[in-house]
1. I need the calculated FRET efficiency for the pair A6 and T70, taking r as the beta carbon distance and R₀ as 35 Å, to the nearest 0.05.
2. Quick one: length gained pulling K13 to E37 fully straight, 0.36 nm per residue minus the C-alpha distance?
Amino acid sequence: AAKMAAPTMAERKACWAARDELWQCLDGHGDQAARCEQLRRLFEERCPQQWVKYFDKRRDFLKYKKKLETEGYHPPEADGKS
């Protein structure tokens, strides 16, 4: 299997820019992925796959953290949808 070369600085910048645009889009559309499909594709094209996975997890974590900060902690079962 071909070993993936580490991305160059230019490639990293392109990846981060694509991620920022995607996240901005998602923030602006209440996380409706369909509204940001094009940016999602760019993000996946410009970033190594491990990064895509990492950033997706990171975004979920940041959203979760923000939710905790704004709404406080609610145990999932108190939510009505399991």
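1. Plugging the Cβ-Cβ distance into 1/(1 + (r/R0)^6) gives 0.40.
2. Between K13 and E37, full extension yields 6.6 nm more.
Computed from the coordinates by the stated procedures, all read-outs in this text should not be read as laboratory data. The shown structure was predicted, so the numbers you read here are calculated from the model rather than taken from an experiment. Positions of Cβ are generated from backbone atoms using ideal geometry, with glycine treated the same way; all protein chains shown enter the neighbour counts.
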